[in-house]
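The block underneath contains the structure these notes are about, expressed in C-alpha cells.
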Amino acid sequence: MKIDGACHCGLVSFTAEIDPSRVMICHCTDCQVLSGSPMRAVVAAPIDRFAVRGQPKSYVKVAQSGNRRAQVFCPECGTPLYATAPENPTSVVIRLGCVRQRAQLKPAVQIWQHSAVPWLAGLQGIPATAEQQGFLPPSP
Ligand SMILES: [Zn+2]
Ligand SMILES: [Zn+2]
C-alpha cells in the first residue's frame, strides 16, 4: 500500500510503500516519552520504498543493549517522523501519527504491553465529545 505523510508545519514530507497488515503499537517507555503520547503506533517500510523531502534532524537513542536508533523529526515543528539505523539503514519505522492514511491502518499487534499505561484498556469508558465543546482544557 502506498502511503504519504508530513510533519505538522510541512517542512518535511515522505512517501512509502508498506504492508498494511504490519502496523503495530509500542508501549515501551522510550516510545511514550519520545512520542509525547501514552503509546506509539508505527509501520515499517523498506528503505528502497521510502523517500523523504526536506531536511529532518535526528536524535540517536542508545538502548541498554547498546543498539542505536536514529529518531528522525522535523527541526522546525518537532513532529516525530520515523526511526532508522544511524548507519546503513535497510528500513524505516514510520510514526503513524504523521501518515495521511492513518485512519485506515489498524494495528495488528501491541508490544511492550507490561509498560502500557493502565487506563488504556478503559479508554472507551471515558466520556468523549465530537470536538472540543463541553470540555475546555488548554488546547492540545
Ligand atoms: Zn515540521
Ligand atoms: Zn517502543
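Bear in mind these aren't lab numbers, they're just calculated from the coordinates by the rules spelled out. This one's a predicted model, so the numbers in the text were calculated from it and none came from an experiment. Positions of Cβ are backbone-derived with ideal geometry, glycine not excepted, and every protein chain shown enters the neighbour counts.
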Exercise. Would you work out if region 2-117 is rounded, prolate or oblate? Take a ≥ b ≥ c from the square roots of the eigenvalues of the alpha-carbon gyration tensor; rounded if a/c is under 1.5, else prolate when a/b is larger than b/c, oblate otherwise.
Key: rounded
Quiz prompt | Residue-count net charge about Gln104 - beta-carbon cut-off 15 Å; Lys, Arg +1, Asp, Glu -1 | solution = +2
Practice problem: Springs between alpha-carbon atoms under 10 Å, Gaussian network over the chain: tell me which of Pro56, Pro46, Pro127 tops the mean-square fluctuations. | Solution: Pro127
Quiz item: Most mobile of Thr129, Thr90, Thr15 per a Gaussian network model of the chain (Cα springs, under 10 Å)?
Solution: Thr129
Quiz item: To the nearest 500 deg cm²/dmol, what mean residue ellipticity at 222 nm is calculated for the chain from DSSP H runs of n ≥ 4 alone, each contributing -39,500 (n - 2.57), summed and divided by the residues?
Solution: -1000 deg cm²/dmol
Quiz item: How much net charge surrounds Arg95 when only other residues with a Cβ under 11 Å from its Cβ are counted (Lys, Arg +1; Asp, Glu -1)?
Solution: +2
